[in-house]
Amino acid sequence: MNCRRALAAIGLIFLVAAWSSSSAQDLADVWRYSGTISNRETRSEGFIGALSYDGKPVPAKVGQILTPIGEYEFVAEAKLWSVSGWKKTSGLAKSSKSGQNFEAGQESGTHWYKGGWRRGTPGSWLYLPSQQVWVDPHSLNAYAETELKDIAEPGSLMASFLKEAGSQQQADTSSAVFTYELGTSAKGSKSAGERGVLTYNGRPIPAGAGSLKTPIGSFTSASGTLPWEPQGWFPTEEEIKVEDSVASFRQADREHGSYIGRRKAGTPTEWCYIPETKTWSEPERLQ
C-alpha cells in the first residue's frame, strides 16, 4: 500500500512538473509594456512608460508607433511628477495604401520602407506615423541607428527612468508597476497560439471572464482551451470609459480594498476598474 502511495506521489510530481514546464514556456515575438507609478499618492507622483520588443527597448527616436498591443507615443518629460517615456494613446495617423507590391530586397534588405502600405507586406511589420515608415520589428534599432542617426537621444535622466521602469526588479512600496506582455507560444508549430500576460508588481493577474481597466490600458480576457487558441489578457479595441463621481475616496474604501460605482475623487491611481460589476479595486485583490 505504501509503495502504491509512493508511486502515486511520484506520478503527481511528474504531472505538476510537466504542467509547470508547459505553462512557463518561452514566448516568441514578445511585446512588453510596463507602466511605473512612482511616488504614488504624493505631490511627486508620476508615470513612467517603457516599451520593448523581444527584450530590446523601442528606440525613443521613432516618436510614435502602432503595435499589436496598442498605439504609443514618446513623451520626453523627465520630471518626477509627470508622464514620461512611452505613453499609450489613440488616434495616431494610419498609413495610406501605395498600390505597390512588397518585394524582397526592394528597400533596405526588406527591413523597412517609406510611404504607403504595400500589398504583401508581412503582417508582423509596424507603422511609424512620425516618419511614415513601415518596418520589420526586429529592425527597429537598426532603423533608428541609420535613418534617425541625427536625432538626439533622450537626456540621461530620462534614460535612467526608462531603465528603471523596464527592469524586472520588485517595485518598492512607493511605486506600483503594471506590465503587459503579448507573445506567441510554440511558434512555428501547428499549436502556435497567442498568450497575453498582465502583472502587477511582478505577480500575474488571473484572466477571468470579463474586462479590466488598468493604468496601462484596458484589457479583455480570452480562455481558449486548445493550444492554438488565444489565452490570457488582450487589449480592447477601445479604452473602457469610466464616469466620475462627486463623492470622495474614504478610508473605509481603502480598508475594504474596493467599492462599487463611479470613480471617487482621490481614488489611488493604481486601482483598477471592472466594468461588468462596476467595481473599483486595488490591484492586489485581483491576484
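Quick notes on this one:
- Ser245-Thr225 FRET efficiency (beta carbon distance; Förster radius 51 Å; 0.05 resolution): 0.80
- Gln287-Ser191 FRET efficiency (beta carbon distance; Förster radius 35 Å; 0.05 resolution): 0.80
- Order of Ser191, Ser211 under a 10 Å beta carbon neighbour criterion, fewest first: Ser191, Ser211
- Estimated FRET transfer efficiency when R0 is 30 angstrom, pair Asp26-Ser174 (beta carbons, to 0.05): 0.40
- Extension reserve of the Glu145-Thr277 stretch, reckoned as 0.36 nm per residue once the Cα distance is removed: 42.8 nm
- Under a model in which nothing but the beta-carbon of Lys, Arg (+1) and Asp, Glu (-1) is charged, segment 236-287 shows a dipole of about 300 debye around its Cα centre.
- Separation between Cα centres of segment 36-95 and segment 208-287, rounded to whole Å: 21
- Approximate spin-label separation Ala252-Lys114, in nm, with each point projected 7 Å along Cα-to-Cβ: 6.3
- Amide hydrogen neighbours beyond the local backbone of Ala207, cut-off 5 Å, H modeled: none
- Amide N of segment 32-75 lying under 14 Å from the label point, which is placed 7 angstrom from the Cα of Thr269 along Cα→Cβ: 35-50
- Segment 176-286, dipole about Cα centre (Lys/Arg Cβ +1, Asp/Glu Cβ -1), debye to the nearest 20: 140
Just so you know, all these numbers are worked out from the coordinates, no wet-lab data involved. Please read these numbers as outputs of a predicted model, since none were measured by experiment. Neighbour counts run over all protein chains shown; Cβ positions are idealised from the backbone, glycine included.
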